[in-house]
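The block underneath contains the structure these notes are about, expressed in structure tokens.
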Amino acid sequence: MLDPISLGAIGAVLGAVGAGMANEAGRWAWESAGGLVRRITGREVPAPTTHGQVDDVARLVHERVRDDPELARTWADFARGVRGTPGFPTAAHRPSLPAAPRSFTNREQALKLLDKEATRPFEGRPRLALLHGPEGIGTSTLAVHWGWRQSARFPDGQLHADLRTLAPEAVAGTLLRQMGLPEAEMPPSAEDRTALFRRCLTDRRLFLVLDHARSAAQVKPLLVAAPDVVTIVVARQPLIDLGALRIPVGPLARRDAVRLLTTLAGKPAVAAARATLPAVLDRCAGSPYALCAAAPRLTDPPTPSTEAAVPQSDPVLAAAEDSYRRLTPGAARLYRLAGLHDWPGLDAAAAARAADVDEAEAARHLEELAGALLVEQSGTGRFRYRPAVRAHAERTAAAVDGIAACSASVTRVVAHYRDLAVGAARAALPQSWRVPAAPSPVSYPDPGAAVAALAAEARNLVTAVRAAEDFGDRDTVTLLCQALWPLQLKAGHHDVLLPALQTGARIADDHVPGSRTAGALHAQLAHTLTELRRWDEAESEAGAAARDERAAGHVRGHASAVEFLGLLRLRQWRFDEAYACFEEAGRILDGIGPGDEGAADLPRARALLERHRGRALRGLGRREEAVKHLERALGFFRSGGSGGSGSSGGEAYNTARALTDLAETHLDGGAPGAALPLVDEALAVLARENATYHVAHLRALRERCVTPE
């Protein structure tokens, strides 16, 4: 067994604590680690943010504990309660690829090369292949077909990430979610997520498809040299510096194109189309997408307008034009207008707003478009365009509908997502002053359903922010971003939301500087940057939030921004500065009079500050003072409190938080007997709360209380 005070073990504990900060129990452990490091080293040590910094802190701790038995026992006691690497899926959670294609023709040489790469002697090199070719040529289909054909080789599952829709820092998180990692166990930083993903692949038998890659830099962090992991990268270009087996995918030979048409349309249809077949084959130019789109209309004579509409050299555009001209008028209009922006996954409700029709009609039109291969189904009831087809829809809309109608269509879709986000935010946090007060026709039955709706639409909401910015609709940008607060607070997804929040803060600075809106958006951005462990940026944003709230005369918001800066200081192990921030926030709250805005929330706000003061004092080793502050906070929350912002999950949960802080403070002071009843009370309080990670943390504390040293 590894010696708990060895350098490697100390580094592993610090790394595990840092990687587990996605849930509150992990943040507790991180603060505890900071206080303990301060106690062991006798000085303030900045919280590490990189793996190299973790190693540096581990060396400092190791130098002290190796020569001090009492400190060694203290560290070992703490280490016993630290969870290891976050959990990972079992055989019961086996990710799979998108559905296999209905038809597949030829590509035997490419399939043999993939088989060879998957079975070659390992020799420490990643099993990696790159399929590259122009759009519509079937590279993605080939990867998926090979994966399903070889599914028995990968009992731990098959992963698929569409890199078109993901920011670089979000890819590893998306793959971890596919593998079943709960959001509350997601490592906070992109570096930690990538490291966890690579580590968890080392002993798995998995197949990974990285689709629509734009550069080798997107892909390289996700590659692992594991003997039973096979990765296929799909791209338009060769990506020469990737170091993969490059497999070019070109047009189908004419006989293979005929074979594919026969598979799709049947021998009678191909025979009946003998006169028009050469022209169809010429127009499709060996593109599997174009051939699949042409199969239902083999016997239709091409019209002169169709022949001249697009260059003969682009079979995907030619196929899109041919399919478009055969749509019913309503479906053709929806095709044009819904394709004006690159939405990650349109459902019938959003498509209805694009075309200004009712939802049932939009659903019928989407089914028609899917049947014509003009949209692809990307999930239950959701659709998206392939890039070249969307470009065709956008260009056609400009020519047929005109600029004004196109602008109105995108505005309606953005308004749809704005209404959805605002309605969900109000249902998720009904009493929070951070949630927009704007009216919304959308409602949800309970907070859980509201947060789930925000999570399901997260990428579309981020896209809506970008679309509103493109249209110069700054009010909608800021409103949408403010409505993301419940999703940030309750479900995370910080990697996905970050680009929208950065846009919102920038737009607010340009549009309404020094306003409550600007202050709120800087605070939201600071929150997400903190969770991503980008602490220097978070500090700047928290300062901007305090500046704007103060300028706007919003006392409650100003105090909250300063309080948040204190919470950031706790995360950074800067406990003196954290305490000073909480003291300042308390003085700011003193400026709220009995009839002023925020007065009803004052008792609760002060109780939260008492708890935070106690946490800072505990980190400083001033345990007696910490106990006094924590007991005052506990008294308020035990009594049920008053008022409430709706942003903390209820007074029962805050009671458990304060009990946990007190228990840990007593344990720090070597008083497990005083800590044990507090732990048991907290466990009883959480009996009806969905607080899995907090309960797990309390059970680890209880074990420390009852296990003799």
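Only the coordinates and a few stated rules stand behind these numbers; no lab work does. Values in this document were obtained by computation on a predicted structure and should not be read as measured data. Using ideal geometry, Cβ is built from the backbone for each residue, glycine included, and neighbour counts are taken over all protein chains shown.
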Taking alpha-carbon centroids only, segment 271-287 lies from segment 316-357 a number of Å equal to 26
May I have the pair-distance distribution P(r) for segment 445-495, computed from all Cα-Cα distances with 5 Å bins from 0 and rounded to whole percent? 4, 21, 30, 22, 14, 7, 2
Placing one identical point scatterer on every Cα of segment 409-539 and ignoring solvent, what is log10 I(q)/I(0) from the Debye formula at q = 0.20 Å⁻¹? -1.13
Average Cα contact separation per residue, the chain, under 8 Å, 6 or more apart, as relative contact order %: 10
When a/c is below 1.5 the answer is rounded, else prolate if a/b is larger than b/c, else oblate, so apply that to segment 130-172 with a ≥ b ≥ c taken from the square roots of the Cα gyration tensor eigenvalues. oblate
What are the equivalent ellipsoid semi-axes of segment 329-400, built from the alpha-carbon gyration tensor (square roots of five times its eigenvalues), in whole angstrom, biggest first? 16, 14, 10
Between THR276 and GLN377, the two model label points (7 Å from Cα along the beta-carbon direction) sit apart by a distance in nm of 2.7
The whole-number value in µm²/s of the Stokes-Einstein translational diffusion coefficient for segment 7-80, with Rh from the Kirkwood sum over alpha carbon pairs at 4 °C and 1.567 mPa s, is 107
The exposure ranking of CYS292, CYS406, fewest beta-carbon neighbours within 10 Å first, is CYS406, CYS292
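Using Cβ contacts closer than 10 Å as the measure, can you line up ILE592, ILE403 from fewest to most?
ILE403, ILE592
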Antiparallel versus total DSSP beta bridges in the chain: what percent is that, nearest 5? 15
Give me the distance between the Cα centres of segment 103-181 and segment 377-408, rounded to whole Å. 29
Measure out, as a whole number of angstrom, how far apart the alpha-carbon centroids of segment 27-52 and segment 200-250 sit. 37
Tell me which of VAL219, VAL54, ALA605 sits at the most positive position along the dipole axis of the chain, charges placed on C-beta atoms (Lys, Arg +1; Asp, Glu -1). VAL219
I need two numbers for segment 149-220: Rg to one decimal and Dmax as a whole number, Cα atoms only, in Å. 12.3, 36
Taking neighbour Cβ counts within 10 Å as the exposure measure, how do MET21, MET179 sort from fewest upward? MET179, MET21
On the principal axes of its Cα set, how long, how wide and how thick is segment 108-248? Give whole Å, largest value first. 44, 29, 25
Compute the Rg/Rh shape ratio of the chain: radius of gyration over Kirkwood radius, all on alpha-carbon atoms. 1.03
Quick one: helix 315-324 against the long Cα principal axis of the chain, what's the angle to the nearest 10°, folded into 0 to 90? 90
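I need the shape label for segment 96-140. Rule: rounded when a/c is under 1.5, else prolate if a/b > b/c, else oblate, with a, b, c from the alpha carbon gyration tensor.
It comes out prolate by the Cα gyration axes.
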If you take the square roots of the eigenvalues of the alpha-carbon gyration tensor of segment 476-632 and sort them as a ≥ b ≥ c, do you get rounded (a/c under 1.5), prolate (a/b over b/c) or oblate? oblate
Residue (of GLY423, GLY402, VAL435) at the positive-pole extreme of segment 387-442, dipole from beta-carbon charges: VAL435
